[in-house]
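The values are calculated or read from the model by the stated rules, or taken from the named source; none is laboratory data. The shown structure was predicted, so the numbers you read here are calculated from the model rather than taken from an experiment. Neighbour counts are summed over all protein chains in view; Cβ atoms, including those assigned to glycine, are modelled from backbone coordinates with ideal geometry. In case anyone asks, the SASA skips ligands and DNA or RNA and just uses the protein heavy atoms, side chains included. Shrake-Rupley method; radii C 1.70, N 1.55, O 1.52, S 1.80 Å.
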Amino acid sequence: MAGLVILGVAAAYGMDAAGEWDVRPEIALPALLCGLCVAALTSALTYAFRRRSARTTPDD
């Protein structure tokens, strides 16, 4: 998830360097921060779900 966010920001800056887009840091950096927060939230929820599932599974 975090890799996709960073790849998107890198692509936006690449398009800016090529002259196709006008990317301002005031927009791209907060988008990067929000994307990394979403990635952290996804990771935490996945960890909690897997831990809870492992606890409820009976041992054979």
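Okay, here's what the table says:
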{"read-out": "Qualifying residues in region 19-35 (those that are among the aliphatic types (A, V, I, L, M) and open to solvent by 70 Å² or more (accessible area, probe 1.4 Å)) - the one nearest to ALA2 (Cα to Cα)", "value": "LEU33"}
{"read-out": "Pairs where the first residue, in region 19-40, is among the β-branched types (Val, Ile, Thr) and the second is outside any helix (DSSP H, G or I), C-beta under 8 Å, 6+ apart", "value": "VAL38/MET1"}
{"read-out": "Verdict on ALA12 being without any contact (Cβ under 8 Å) to a residue 60 or more places away in the chain, touching a Phe, Trp or Tyr at 6+ places or on another chain (Cβ under 9 Å) and either of a type in the set (Gly, Ala, Ser) or open to solvent by 90 Å² or more (accessible area, probe 1.4 Å) (or both)", "value": "yes"}
{"read-out": "ALA44 being surrounded by 11 or more Cβ atoms within 10 Å (Cβ to Cβ), part of a helix (DSSP H, G or I) and either without any contact (Cβ under 8 Å) to a residue 24 or more places away in the chain or in contact with a helix residue (DSSP H, G or I) (Cβ under 9 Å, 6 or more places away or on another chain) (or both)", "value": "no"}
